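Participant: Please see the structure below; I have some questions.
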Amino acid sequence: MKSIKFKECNVVIGKDQPQYKPLYACYDYATNIVTTCYKFNLFERLKFLFTGKLWLMQMTFGNPLQPQLPTIHKKDIYIQDEYIREDLKEL
């Protein structure tokens, strides 16, 4: 699975940090919601098709787990363009 750029993407988390893969995201500063998008390779798509399982690991650094919304439907994701800071609209 690979993080991919999408229309609303306005920040790259982990950019220029070799220990991390770049994480393309839309950061909504008004709501503090971070949205990301991923693409599966062919093998991953087939495995998911047959197992129906998706594993998710989230580092909490000792803090409470935050709410998550895994989905395959973009319409489930709330992104409002007017809440995205102008200086973050371009990568």
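Participant: Work through the residues other than Lys74 whose Cβ is under 10 Å from its Cβ and net out their charges, Lys, Arg +1 and Asp, Glu -1.
Facilitator: Numbers: positive: Lys7, Lys75; negative: Glu8, Asp76.
Here the count lands on 0.
Participant: So how strong a dipole does segment 2-88 carry about its Cα centre when Lys and Arg Cβ are +1 and Asp and Glu Cβ are -1, to the nearest 20 debye?
Facilitator: Details: 12 positive and 9 negative charges, 123 e Å.
Computed about the Cα centre, the dipole is about 600 debye.
Participant: I would also like to ask the following. Above 21 Å lies some portion of the pair distances; for segment 2-88, what is it as a whole percent of all C-alpha pairs? Intermediate results must be reported in sequence, preceding the final value.
Facilitator: Working: 1532 of 3741 pairs.
Pairs farther apart than 21 Å: 41 percent.
Participant: Taking 20 Å as the cut-off for C-alpha to C-alpha distance, list the pairs among Lys39/Lys75; Lys2/Lys74; Lys5/Lys47; Lys21/Lys75 that go past it.
Facilitator: With Cα atoms farther than 20 Å apart: Lys5/Lys47; Lys21/Lys75.
Participant: Which whole number in µm²/s is D for segment 1-51 by Stokes-Einstein, with the Kirkwood Rh taken over Cα pairs at 25 °C and 0.890 mPa s?
Facilitator: Working: Rh = 12.3 Å.
Translational diffusion coefficient: 199 µm²/s.
Readers should treat all values here as calculations from the given coordinates under stated rules, not as data from a laboratory. Remember, it's a predicted structure, so these values are computed and weren't measured experimentally. In this analysis, Cβ positions are derived from the backbone assuming ideal geometry, glycine residues included, and neighbour counts consider all displayed protein chains.
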